[in-house]
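Participant: Below is the structure I would like to discuss, written out as structure tokens.
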Amino acid sequence: MKTRVRYYSDELNDDFAGAQLTSDKLENYKYNHGKIWRLIGGFLYRFIAIPICSLYDYIIYRERIKNRKVMRKYKKEGFFVYGNHTMSASDAFTPSMVTFPKKPYIIVGTATMKYKFLGVLVDMMGGVPIPTDFKGMKDFTAHIYDLAKRKKVIYIYPEAHIWPYYTGIRSFKDVSFDYPVKTNKPVFAVTKTFHKRRIGRLPRVITYIDGPFFPDESLPKNKQRAKLRDEVYAAMVERSKLSDYNYIEYVNRESIINRDPIGAFCAEDEKIAVSE
């Protein structure tokens, strides 16, 4: 089977999620809800989200979670999780499998929030959208700190953009590691790896958990943040080497230009639709 190819220019900002997932502005969003809202959200999570997530990932990807035991002793105090962003629907489901039985609060983009019913559902299931205005960012940050104070699990995709089935780890900034540093919470790295299955074209997924990593309080805050980021990144890179199947190959346009300037123009126009 011929490997699909995607061409990128900017590892930090290029996104292959598709036009249907483009984000809108999110202003005046309410992050904190009352007890009834939380009870309904908890019910939906336990009796709808968990069965659907588990069934979907098992049937479509045969996903298996490895090394979940490292999280056990920290579930009562809460923690932060950082994962590679390689799928759209599945990346919304995997956190529930990774942190079970704890409900994860997943930092998400604004794309799904523009549809009112879907936005309410995402919110109740633990989605925490990133705002697009200054006041919203203050409320968002306060909400993250409140979740940490309440000993919840916060799940972050630091790569920010989706690269479907990418077997490497893209560089990411250390900004989001400010949260565990300021709340002094443990951190875990979660890495999806892709493997050839006997029947079918889609990869089989094995997800690994590494950690915990802790803020180094002997360092200034900014260096604690950088160190945590580097530790998580290194763990994810090491795990990513276990992938043995390239369902989609990602090629840097710059490398094509340097090697074959004429071929680069062909690559620029090539668009391959990818769906899970």
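The values are calculated or read from the model by the stated rules, or taken from the named source; none is laboratory data. Note that the coordinates shown come from a computational prediction; the quantities given were computed from them, not determined experimentally. Note: ideal-geometry Cβ built from the backbone for every residue, glycine included; neighbour counts use all protein chains shown.
Participant: Tell me which of these M71 doesn't satisfy, since it passes every other one: (1) more than 25 Å from R170 (Cβ to Cβ); (2) assigned to a helix (DSSP H, G or I); (3) modelled with pLDDT of 90 or more.
Facilitator: (1)
Participant: Also, I was wondering about something else. Got a number for residues in region 232-274 being among the β-branched types (V, I, T), crowded, with 17+ Cβ neighbours inside 10 Å and modelled with pLDDT of 95 or more?
Facilitator: Counting residues in region 232-274 that are among the β-branched types (V, I, T), crowded, with 17+ Cβ neighbours inside 10 Å and modelled with pLDDT of 95 or more gives 1.
Participant: Among the listed residues K223, K192, K182, K173, identify the single one that is touching a residue at least 12 places away in the same chain (Cβ under 8 Å) and either farther than 23 Å from A17 by Cβ or in a helix (DSSP H, G or I) (or both). Even if it seems obvious, please write down each step before you answer.
Facilitator: On the way: K223 fails: touching a residue at least 12 places away in the same chain (Cβ under 8 Å); K192 fails: either farther than 23 Å from A17 by Cβ or in a helix (DSSP H, G or I) (or both); K173 fails: either farther than 23 Å from A17 by Cβ or in a helix (DSSP H, G or I) (or both).
Matching residue, one of K223, K192, K182, K173: K182.
Each row is one residue, and each column tells you yes or no for (1) surrounded by 22 or more Cβ atoms within 10 Å (Cβ to Cβ); (2) among the β-branched types (V, I, T).
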{"site": "S176", "(1), (2)": "no, no"}
{"site": "T183", "(1), (2)": "no, yes"}
{"site": "P186", "(1), (2)": "no, no"}
{"site": "A189", "(1), (2)": "yes, no"}
{"site": "F194", "(1), (2)": "yes, no"}
{"site": "R197", "(1), (2)": "no, no"}
{"site": "L202", "(1), (2)": "no, no"}
{"site": "G211", "(1), (2)": "no, no"}
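Participant: Return yes or no: is D146 charged (D, E, K, R), out of contact with any helix residue (DSSP H, G or I) (no Cβ under 6 Å at 6 or more places or on another chain) and either under 21 Å from K102 (Cβ atoms) or in a strand (DSSP E or B) (or both)?
Facilitator: yes
Participant: Shifting gears a bit: Restricting to region 82-103, and then to whatever is part of a helix (DSSP H, G or I) and not polar (S, T, N, Q), can you tell me which residue is modelled with the lowest pLDDT?
Facilitator: A89
Participant: Report, by residue number, each residue of region 63-93 that is more than 17 Å from the chain's Cα centre (by Cα), in contact (Cβ under 8 Å) with a residue 12 or more places away in the chain and over 15 Å from Y208 (Cβ atoms).
Facilitator: Listed by number, the residues that qualify are Y74, K75, K76, E77, G78.
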